[in-house]
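First up is the structure itself, then whatever we jot down about it.
The values are calculated or read from the model by the stated rules, or taken from the named source; none is laboratory data. Treat the numbers as computed from the prediction; the structure is a model and nothing was measured. As a convention, Cβ positions derive from the backbone with ideal geometry for all residues, glycine included, and neighbour counts pool all protein chains shown.
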Amino acid sequence: MSCWETPPTPTETAKRHPHAGPQLGARWNEALVADCWPDLLRMAGSLKYGQATVSLVVGKWSAASRQNTLAAALKE
């Protein structure tokens, strides 16, 4: 795909990549990811350099009583 082509529809994407399922065809909340981008980078750096573990991060999110915006952005 080049920068002047129109992006394929979700149906076309599903036909081209049948094993990818909804991950490639679904719309994502770009604004949410953009708002949380600095925090996502900070979390990725903490995981990469061993300052935090995945189990610690997942434990913190599962202990939260309400939906965390950073967790929602990561799901996107």
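Observations on the structure shown:
- Selection of first residues in segment 55-75 that are loosely packed, with under 14 Cβ neighbours inside 10 Å and of second residues that are acidic (Asp, Glu) and in a helix (DSSP H, G or I), restricted to Cβ pairs under 9 Å at least 6 apart or on distinct chains, gives the following pairs, ordered by first then second residue: Thr69/Asp35; Thr69/Asp39.
- Selection of segment 28-76 for residues being of a type in the set (A, V, I, L, M, F, W, C) and assigned to a loop (DSSP other than H, G, I, E, B) yields Trp28, Ala52, Ala64.
- The set of residues in segment 44-76 being farther than 24 Å from Arg27 by Cα and among the aliphatic types (A, V, I, L, M) consists of Leu47, Ala52, Val54, Leu56, Val57, Val58, Ala63, Ala64.
- Residues of segment 21-76 that are under 11 Å from the mean Cα position of the chain (by Cα), polar (S, T, N, Q) and modelled with pLDDT under 80: Gln23 alone.
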